[in-house]
Amino acid sequence: MKKFMRTAVIVLMIISLLGVSSCSMIKDKLFPGQEETYTLPEEETGPVTIPEKGCSIEFPKRRPYEYEMDLTLDTEANTVGGHVVIKFYNDSSDTWKELCLRDYPSLFDKADVYAKQSKSGGGITEIINVKDSRTGDLKVRRDDGDASVVWLNLDEELNPGKFMTLSYDFKTMIPNNADRFGFSNDIYNVTNFYPILAEYVDGEWSHAGYFTVGECFYSEISDYKVRLTVPDGYNVASTGETKDISRNDGNQKYTFEAPYVRDFVFCASKVFANESREVAGVKVNVFYNNDNPPGKDMTEVIDVAFASAETSFKAFGEAFGKYPYSELDIIITPIAAGGMEYPNLIIITDYVCSKHMSQFYPYDLLEIITCHEIAHQWFMGIVGSNSGIEPWLDESMASYSELVFYEYIGGDRERYQTEGFSRKDASIVSKWKDNDKLDQAFSEFKSDSDYTMRIYADGKAVLYQMEEILGREKFHGIIRGYVRRNAFKNANTKDFLKALYDCAGKDNDELNKLVEKVFRTKI
């Protein structure tokens with residue numbers, strides 16, 4: 001148990017430390033069929049069933065939103081901006097009188113409370129030329145209590161099923177900050193950087209507060225077409241696939257396409273070197289600082305990264321369903337957290353790229369963080385959730401996936417990593433008080449450390465003990481059922497419990513006792 005606690009604390013600390021141009025290339029075209037009413041495909045409502053091991057995960061029949069962006073990274077001014085066109089429809093049963101955008105970079109303004117995260121704060125994002133394709137110009141109103149919440153009052157209501165196109169120009173400062181959003185040593189991590197349409201849930205626009213521990217972003221599955229201009233010599237990793245690279249007047253223009261993802265991010269640097277390999281049918285690209293390599297032996301580091309990716313795709317593909325995208329980028333660069341996850345791209349901090357940064361064998365922290373972040377491609381990426389309100393649905397699931405990774409490997413490595421989470425070692429959740437629940441919001445935890453221990457370690461234990469109660473094959477099958485039913489949608493705790501009880505039944509007293517103890521949600 002002591003070995004488990006030592007490992008858990010170290011791993012949790014690593015994971016949780018944490019001019020505008022209007023471009024004419026993108027035309028504000030009407031969304032095809034805008035004059036019509038779009039009827040959503042009927043949701044599957046019957047009992048969740050267990051799919052076969054290693055099943056495919058199909059892109060949905062539901063029409064995705066569309067983002068077209070023409071962007072410029074200005075490394076002299078340290079800004080990113082450009083022109084954005086969002087084509088979408090009202091997928092609720094309510095009439096929309098206003099829209100909500102999330103503008104997270106504005107939280108890095110020097111005058112804002114969140115500026116303490118940054119060595120050099122950013123600024124309030126400039127958002128101009130905001131237009132509704134149906135009525136013309138819209139006014140921008142920021143929320144009084146949260147600079148990241150942007151309201152747009154619609155001059156013409158958007159009825160259920162109706163289409164519209166929203167366009168705007170923006171420019172935001174990139175803070176001098178070696179973290180998930182910032183630049184340091186000529187490396188730019190440009191994530192959650194553009195105003196994105198918020199989620200409309202249960203009669204209102206979701207705008208839960210931003211926090212730095214774990215993940216807090218919440219958005220809709222969309223197709224992205226992006227053109228990004230960077231200075232010549234900059235190497236770029238991104239969500240999706242690179243379709244073209246052209247050079248002109250000292251600049252490079254990248255064209256990216258990313259279908260069925262929740263966000264678009266990129267990392268860019270003139271010091272990036274990268275290596276690509278196909279592993280488990282997926283093209284994996286590893287990027288790192290070639291001028292100041294993160295490890296003494298980069299051959300070993302890169303081999304570990306590729307091996308971890310390969311085992312992740314095999315283990316998670318078998319247990320949860322096959323990765324449906326063609327590529328994944330792994331960026332090794334300094335960030336405060338041990339790792340961060342984004343669609344088709346993960347960031348791993350450079351300080352774990354030493355064989356001496358380990359618990360049981362060389363590079364095991366690099367290995368476990370890589371597999372954790374890749375697991376988020378399923379739990380946050382494929383199955384979305386409101387990670388501010390129910391953070392266990394992505395972080396606990398990704399933490400449990402670490403054990404799935406080591407179960408696939410087997411032997412001593414499985415024994416080392418599962419120690420302390422099993423019922424025979426200790427029932428961690430038996431120490432919980434009645435008001436301590438896994439499915440509570442970030443704001444309800446007593447502290448960041450309380451959140452970290454509950455969501456990462458205890459959540460991992462809860463899911464592992466479910467696996468012990470039901471058996472590995474059955475529990476993995478239940479998760480496949482949960483993933484298949486909720487793929488490319490946003491799920492909640494009820495959706496998980498439905499899959500659990502549809503497949504496991506309700507007559508398992510041990511399972512019922514565990515669920516009643518740790519969840520407030522009832523079905």
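Laboratory data are not the source of any read-out in this text; all were calculated from the coordinates shown. As the structure is a computational prediction, the values presented were derived from the model and not from experiment. Please note: Cβ atoms are built from the backbone with ideal geometry, for glycine as well, and neighbour counts cover all protein chains shown.
Annotations
- The stretch 387-518 shape via C-alpha gyration tensor axes, a/c threshold 1.5: rounded
- Estimated inter-spin distance, residue 92 and residue 37, nm [label 7 Å along Cα→Cβ]: 1.8
- Ordered by the count of other Cβ atoms within 10 Å of each Cβ, fewest first, 154, 470 give 154, 470.
- Note on the chain: Kirkwood hydrodynamic radius from all Cα pairs is 23.6 Å, rounded to one decimal.
- For the stretch 19-212: rounded, prolate or oblate by the Cα gyration tensor [a/c cutoff 1.5]: prolate
- The loop-placed trypsin sites (Lys or Arg not before Pro) in the stretch 457-523, going by DSSP, that have at most 10 neighbouring Cβ atoms within 10 Å of their Cβ come out as 522.
- Here the peptides 237-247, 386-396 are ranked by packing, the mean other Cβ count within 10 Å, and the order with the highest first is 386-396, 237-247.
- Charge dipole (debye, nearest 20) of the chain; +1 at Cβ of Lys and Arg, -1 at Cβ of Asp and Glu: 800
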